[in-house]
Amino acid sequence: MRKKFVVGNWKMFTTAAAGAQLAAAVVQGVGKADRVTVAVCPPFPYLARVAEVVRGTPIGLGGQNLYPEKEGAFTGEVSPTMLVDVGCRYVIVGHSERRHKLGEDDAFINRKVKAGLAAGLQVILCIGETLEERKGNRTEAVLDRQLTAGLAGVTADVLGGVVIAYEPVWAIGTGHNATPEQAQEAHTFVRRRVGQLCGEAAAAALLIQYGGSVKADNAASLLSQPDVDGALVGGASLKADDFLAIVRAGVR
Ligand code: PGA
């Protein structure tokens, strides 16, 4: 049985005080519940502050990005070892906003996957097609490319450190989530493809999250799909009550 995994991606929102408060509300709301794995990914400047709030609780901490080197002259960047140092267990890589607004390509994202794994982080690799690609029947081809390139060099023995987040670009921040059937269809494809790349056993254990306008009122139907193993939540993760309702939907 794959345990559901719900992650809050705060993107470039909150303040130090609001982030600490939000994290505290999530800690309190989740309590000792261990039937869903829960993590929050605050902006870099607030990681240390939120780390204090979640320390010793079941709530995990994640970075929203990393630069694929341990250290060096990379002004403005953050290394995987720094994320570990500040208390992160997770990191998001390949988010569509970074692919499409900041021009990150598959090869660069692959370096991030490998650097994150090498540092001992659990890497959440985001993939997903644009509306144009879906309309052009290219969804599977795009997912195939993003998986093949993103997981290049990732072997079955380390795939346990990878989570895939299927996030159709047209569903992110738009209020138009994929239907549970569309999500299930894409997730089935992802699992099959990862099975070909890394082996069936590793693919069967792989957690595949859905992301894109997950809200309190659609989470249960999405999370009830057999291959939807969790949610990567943007907007709705900024309100504790909404985020906690999604976590509860994962428990059922
Ligand atoms: P959203 O964002 O929930 O606001 O659509 C999801 C994401 O970008 O991870």
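If R0 is 25 Å, what FRET efficiency do you get for Gln28 and Ala205 from their C-beta distance, rounded to 0.05?
0.20
Give me the lysines in straight-line cross-link reach of Lys239: C-alpha distance below 29 Å, same-chain residues under 8 apart excluded.
Correct list for Lys239: Lys3, Lys4, Lys11, Lys32, Lys101, Lys215.
Once you have a ≥ b ≥ c as the square roots of the Cα gyration tensor eigenvalues for the range 156-207, tell me rounded if a/c is under 1.5, and otherwise prolate or oblate according to whether a/b is larger than b/c.
It is prolate, given that a/c is not under 1.5 and a/b is the larger ratio.
For the range 51-113, report the accessible area per residue in Å² (1.4 Å probe, heavy atoms, rounded to an integer).
50 Å²
To the nearest 0.05, how large is the calculated FRET efficiency for Ala152 and Arg252 if R₀ is 25 Å and r is the Cβ-Cβ distance?
Computed FRET efficiency for Ala152 and Arg252: 0.10.
In terms of the Cα gyration tensor, with a ≥ b ≥ c the square roots of its eigenvalues, is the range 120-252 rounded because a/c is under 1.5, prolate because a/b exceeds b/c, or oblate? Show your work: numbers first, answer last.
On the way: a/c = 1.87, a/b = 1.32, b/c = 1.41.
Taking the square roots of the gyration eigenvalues as a ≥ b ≥ c, the range 120-252 is oblate.
Using the heavy atoms of the protein chains alone and a 1.4 angstrom probe, what is the accessible area of the range 144-252 per residue in square angstrom?
38 Å²
Go through 88-98, 31-41 and give me the packing order, highest mean Cβ count within 10 Å leading. Mind dumping the intermediate values first?
Values: 88-98: 23.5, 31-41: 18.3.
Packing proxy ranking, top to bottom: 88-98, 31-41.
Under a Cβ-only charge scheme (Lys and Arg +1, Asp and Glu -1), can you give me the dipole magnitude of the chain about the Cα centre, in debye to the nearest 20? Intermediate results must be reported in sequence, preceding the final value.
Working: 27 positive and 25 negative charges, 90 e Å.
Rounded to the nearest 20 debye, it is 440 debye.
Within the accessible area of the chain, what % is carbon and sulfur when the probe is 1.4 Å and the other protein chains stay in place?
Heavy-atom surface of the chain belonging to carbon and sulfur, 1.4 Å probe: 53 percent.
In whole Hz and in residue order, list the ³J(HN,Hα) couplings for the range 102-115 that follow from phi through the Karplus curve 6.51 cos²θ - 1.76 cosθ + 1.60, θ = phi - 60°; x for Gly and Pro.
10, x, 6, 10, 4, 5, 5, 5, 4, 4, 5, 4, 5, 5
Which value in deg cm²/dmol, rounded to the nearest 500, describes the helix-derived mean residue ellipticity at 222 nm for the chain, given -39,500 (n - 2.57) per DSSP H run of n ≥ 4 and division by the residue count?
Calculated at 222 nm, the ellipticity per residue is -12500 deg cm²/dmol.
Separation between the Glu71 and Lys3 pseudo-spin-labels, each 7 Å from Cα along Cα→Cβ, expressed in nm?
Taking the two extended label points, one gets 3.4 nm.
Place a label point 7 angstrom from the Cα of Met12 along the Cα-to-Cβ direction, then list the residues of the range 47-86 whose backbone nitrogen is under 15 Å away.
Output list for this probe position: 64-65, 76-77.
Can you work out the FRET efficiency for the pair Ala107 and Asp85, with r the C-beta to C-beta distance and R0 = 25 Å, to the nearest 0.05?
Working from the Cβ atoms, E equals 0.40.
Classify the chain as rounded, prolate or oblate, taking a ≥ b ≥ c as the square roots of the eigenvalues of its Cα gyration tensor: rounded when a/c is under 1.5, otherwise prolate if a/b is larger than b/c and oblate if not.
rounded
The values are calculated or read from the model by the stated rules, or taken from the named source; none is laboratory data. Just so it is clear, the model here is predicted, and its values are computed rather than measured. FYI the Cβ positions are ideal-geometry reconstructions off the backbone, even for glycines, and counts take in every protein chain you see. SASA here: full protein model, heavy atoms, side chains in, ligands and nucleic acids out. Shrake-Rupley method; radii C 1.70, N 1.55, O 1.52, S 1.80 Å.
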